[in-house]
Amino acid sequence: MQYRPRSRAIAAAQHQTVARLKYWLMGSVIGVGAAIAANGVWADSHETIIESHAYSNFGEVKYGPNEVLDYVNPDAPKGGEIALWAQGTFDSFNNYSRKGVAASLPGLPYEGILASTADDPYGSYCYMCTTMEYPESRDWVIFNLRDDVTFSDGRPLTAEDVKFTHELFMEQGIAEYRNVVSTYVDSVEVLGPYEVKFNFNPEAPRRDVIGIAGGGSTIFSKSWFEETGARLDEPRVEPFLGTGPYVLGDVDIGRQIIYERSPNWWAKDLPINTGRINFDSIRIEYFADAAAALEGFKSGAYTFRIENSSKEWATGYDFPAIDNGQAVQKEFADGTIGYAQAFVFNLDRAKWQDLRVRQAIGLMFNFEWSNETLFYGLYERVNSFWENSDLEAVGVPTPEEVAILQPLVDDGLLDESILTSEPVMAPTSSAADRPLDRRNLRAASALLDEAGWVAGDDGVRMKDGQPLSLEILSFSPAFDRIINPYIENLTRLGVDAKLDRVDRSQYVDRRRSGDFDMVGHGFSMTFEPSSGLRQWYGSETADDSSRNLMRLRSEAIDRLMKVVIEAKTLEGLTPAVHALDRALRAEGFWVQQWFKDKHTVAYYDMFRHPENMPPYALGQLDFWWYDEEAGEALRAAGAFQ
C-alpha cells in the first residue's frame, strides 16, 4: 500500500498518577521514550524514581488506566470469520528466522510487554505489566508484570520468561536485531516472580531504552522452549507457544491457514479490550498471483481484500457481487507516514557505486506516463522517506538543518550543495503522453558518457570490455506491466536490461543474500524515528538486513542517524530527521515509485467498522466485527463458494 500522512498535534490527554495499575493494550510498539509524570519517590541516590502505566517522549499519553479506546465500538459483537488472501506459498510459522518462507500473519499468537494505540503516535502503555518504574536518568527500567498473564496452554508467564526471551533473541535472533539491541541492553535481572529489570548501557541513547526493553520482542515461554528444544533460528511448521488472542487452527501447508480465537486468552475480559479482537477465526487463502486472487474474491473464496493494484481498483471490480451489493468497494483515509515504495540498487555491485550511473538509470523511469496510463491517475510520486508528514524535508534547509549538515560537509562526507538547495535527487518529471521522455534520455546519456559507459556500434553501453547490464528482480506477474516499459526505456539508453521474475521462495532468498542488481522495496518510517533507523540504513546492518536491502554503507548517514537517535525533544528531532531525509535522498540508491493516502479495500457486506476510524490503522483484524445476520443472508443468497 501507499500512504500520505497528515500533520497532527501530539496527543495531550490528562495523565493520571497511579500505583499498581491493571491496564492492557494490544498492538505493537513504535518508538517510545522519555518520562511521563507519575508517582515519584526518592531512591537512596536521591534520584527520582517514576512509576507509571505509560510512557511518551513527547507530551502526555492519551489514555489513563482502565479506559476504553475512543475509536472502538464498545458494543461490537464477538464471532464470525474474516478471510484474507496471500500470494505465493509458505513453509514455516517462524518469522524470526532467515530460513524458510514465513506464513502470513505470523505475529497473531504473540504479544509483548508494552503496546501502542492507533490514535496516539508517541505513547506506549503497559500491556503485560501493571506499571513500569525507572529513574530520571533512565539507567534501568523495572516492569511490574501482571500476575494473570498466561500462555495459550495455560502455563503462567513470569519474569523468568522475559529474561529468557531477551537472551534467546540475543543468541538466536537475526543479526540486524542483535546488533541494535545489544548496544542498548546491558543485562536483564529477575527481581521476583513478576518483577523484571532491564539495565541499560551507559552510552545508549536514553530516548530509546524503555521502548527497546518493553517493545523490542514478543515474550516466549522458557519452559516450553526447554521441553520442545525449538530454536528461534530454524523454520517451524507450527508457531511457538504464545500469549496472544489467536492460536493456529487448521493448516494446509502452502495453501491455507486458519487462526482461531484462543479459549485461554488471558486478556479477553479486560476493560481495554472492549470492542476489540472480535472475530472467532481468521482464514488466509493462498493464490499463485494477484489475478487469481481477485478471481477468488469474486467467487467468495475469501471475504476481505486490500487492493494494491490501481488497475484492478479502477477496472476490476465490475462483477455481480459488487453490482448487487453483496460486496462493497470502499476507501478509508490513511494518516500514517507515506510508504516510500521504490526500486533500490544493490550498492555492493561495483557498477552501481557510481552516483551518475544510478541517476541515469533513475531518469528512465517515467512515473507520469505510468500514473496516467497504468495507474488511472490514482497515485502520487514518492519524494521523501517521510512522505507528506511534518518530518519530510521541503524547500531549502533551515538554519537548524544547516547546523546539523555543516560538519558533514566540512568533513567531505556530503556535497556542499545540500546546504543551499532544494532536496537533492528529487525525481525528475517526465512527459505523460509517451513512455520515453527524450529530454531525460539525453540527460541520462550524458551522465553515462561522463561515467565512462560509452555506447558501442550496437548501442550497448560498455566499460572495460563489459556491458552495462541490469536485472530487475521480481516475483509478481502483476508488476510486469510496470517493469517492462521501464526496461524498454533502459534498452533505448543502451543498458542491457532484463526482468528476472522468479518464484516467491527464490525471491525471498535472493533479496536476503543480496543476489540482485535492482529490486522493489518499501521504506516504512515512524513518527518517532530512532534506533530502528540502523536496521534500515546503518553500515553495520548492510551485510545482513531485511531492511537495508540496498546495502548502504555511509559514514554521513551513520552520523546523522546518531543525531536523530539522540534527539531529546520533538523540536530537536524534527530538523534532525529533515537533515537525514535530505542526505538519504542525496545518496541516490533508489528510483522512487508511488504512494497514495488511502486504504482501498473491498469486502463482503457482513463486516462493520467504527464510525470514527482512527488515523493510524485500518484495523480490520482489531476493531472491525462480524454482522451475523448479514452473513447468514449472504450465505442464503449463495454469495460464497
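The values are calculated or read from the model by the stated rules, or taken from the named source; none is laboratory data. Fair warning: this is a prediction, and the values are worked out from it, not measured in the lab. Here the Cβ positions follow ideal geometry from the backbone for every residue, glycine too, while neighbour counts run over all protein chains shown. To get the accessible areas, we keep the full protein, side chains included, count just its heavy atoms, and leave off ligands, DNA and RNA. Shrake-Rupley method; radii C 1.70, N 1.55, O 1.52, S 1.80 Å.
Spin-label pair GLU226-GLU167: with each label point 7 Å from Cα along the Cα-Cβ axis, the two points sit 1.0 nm from one another. FRET efficiency for the ASN324 to ALA403 pair, using the beta carbon distance and R₀ = 41 Å, is estimated at 0.10.
Separation of the stretch 513-549 from the stretch 555-589 is 15 Å, based on Cα centroids. Projecting the alpha carbon convex hull of the chain along each direction and taking the average yields 29.0 nm². Candidates LEU499, VAL563, SER546 compared by Cα position along the dipole of the stretch 477-584: farthest toward the positive end lies LEU499, with charges placed on Cβ.
Each residue, GLU488 and ASP70, gets one label point 7 Å from its Cα in the Cβ direction; the gap between the two is 5.0 nm. In terms of accessible area, using a 1.4 Å probe and ignoring ligands and nucleic acids, LYS463, LYS351, LYS568 rank largest first as LYS568, LYS463, LYS351. The residue list MET462, ALA267, GLY64 was ranked by how far each Cα lies along the charge dipole of the chain toward its positive end, using unit charges on Cβ atoms, and MET462 comes out on top. For the stretch 501-641, the pair-distance distribution built from all alpha carbon pairs, in bins 5 Å wide starting at 0, is 2, 8, 13, 14, 13, 12, 11, 10, 8, 5, 4, 2, 0 percent. Here each label is just a point 7 Å from Cα along the line to Cβ, and for ALA431 and LYS311 those points are 2.4 nm apart. Estimated from the Cβ-Cβ distance and a Förster radius of 56 angstrom, the FRET efficiency linking ASP543 and ARG635 is about 0.60. About the centre of its Cα atoms, the chain shows a dipole size close to 900 debye [charges on the beta carbon of Lys, Arg (+1) and Asp, Glu (-1) only; nearest 20 debye]. For the chain, the share of accessible area belonging to carbon and sulfur comes to 48 percent (1.4 Å probe, ligands and nucleic acids excluded).
Once all protein chains are placed together, TYR194 keeps about 80 Å² accessible to a 1.4 angstrom probe.
A cut-off under 12 angstrom between Cβ atoms defines the neighbours of GLU566, and their net charge, with Lys, Arg +1 and Asp, Glu -1, is +3.
Multiplying the residue separation of ASP410 and LEU191 by 0.36 nm and subtracting their alpha-carbon distance yields 73.9 nm.
Could you state, as a whole-number percent, how many of the C-alpha pairs of the stretch 287-383 are farther apart than 22 Å? That tail contains 51 percent of the Cα-Cα pairs.
The residues neighbouring GLY532, those whose beta-carbon lies less than 13 Å from its own, together hold a net charge of 0 under the Lys/Arg +1, Asp/Glu -1 convention. Distance from the alpha carbon centroid of the stretch 281-348 to that of the stretch 111-190 works out to 35 angstrom. Taking 0.36 nm per residue of separation and subtracting the current Cα-Cα distance, fully stretching the chain between ASN612 and THR89 would add 184.7 nm. All distinct Cα pairs of the stretch 571-641 go into the 1/r average, and the inverse of that average, the Kirkwood radius, is 16.8 Å. The aspartates and glutamates whose alpha-carbon is closer than 12 Å to the alpha-carbon of LYS62, local same-chain residues fewer than 8 away aside, are ASP70, ASP119, ASP120. The residues packed around TYR376, meaning those with a beta-carbon under 11 Å from its beta-carbon, carry a net charge of -1 if Lys and Arg are +1 and Asp and Glu are -1.
With a/c under 1.5 counting as rounded, go ahead and sort the stretch 293-447 into rounded, prolate or oblate using the C-alpha gyration tensor (a ≥ b ≥ c being the square roots of the eigenvalues; past the cut-off, prolate if a/b is larger than b/c, else oblate). In terms of gyration-tensor shape, prolate. Accessible surface of VAL409, taken over heavy atoms with a 1.4 Å probe and every protein chain present, rounds to 20 Å². Full extension of the chain segment joining LYS78 with ALA288 gains 72.4 nm, where the gain is 0.36 nm per residue of separation less the Cα-Cα distance.
Cross-link pairs exceeding 22 Å between alpha carbons, from the set LYS298/LYS330; LYS197/LYS222; LYS197/LYS268; LYS78/LYS268: LYS197/LYS268. Out of ALA576, GLY316, TRP85, whose Cα points farthest toward the positive end of the dipole of the chain (charges: +1 Lys, Arg; -1 Asp, Glu; placed on Cβ)? Going by the charge dipole, the pick is GLY316. Under a Cβ-only charge scheme (Lys and Arg +1, Asp and Glu -1), can you give me the dipole magnitude of the stretch 244-398 about the Cα centre, in debye to the nearest 20? Dipole about the Cα centre, nearest 20: 360 debye. Accessible surface comparison of TRP85, TRP386, probe 1.4 Å, protein chains only, largest first: the order is TRP85, TRP386. Residues of the stretch 79-100 with an amide N closer than 15 Å to a point placed 7 Å from the Cα of ARG255 along the Cα-to-Cβ direction: 88-91. Where Rh is the Kirkwood radius over the Cα pairs of the stretch 519-597, the temperature 10 °C and the viscosity 1.306 mPa s, what D in µm²/s does Stokes-Einstein return? Approximately 121 µm²/s, per Stokes-Einstein. If the Kirkwood radius is taken over C-alpha pairs of the stretch 213-335, then at 20 °C and 1.002 mPa s the Stokes-Einstein diffusion coefficient equals 118 µm²/s. For the chain, the per residue solvent-accessible surface stands at 39 Å², with DNA, RNA and ligands left out and a 1.4 Å probe. Under a model in which nothing but the beta-carbon of Lys, Arg (+1) and Asp, Glu (-1) is charged, the stretch 420-556 shows a dipole of about 300 debye around its Cα centre.
A 1.4 Å probe over all protein chains sorts LYS596, LYS62, LYS268 by accessible area into LYS268, LYS62, LYS596, starting with the largest.
Given a cut-off of 32 Å, name the pairs among LYS163/LYS562; LYS498/LYS562; LYS463/LYS562 whose C-alpha atoms lie farther apart than that in the structure shown. Cα-Cα > 32 Å for LYS498/LYS562; LYS463/LYS562; rest within. Computed with a 1.4 Å probe on the full set of protein chains, the accessible area for ARG510 sits at about 40 Å².
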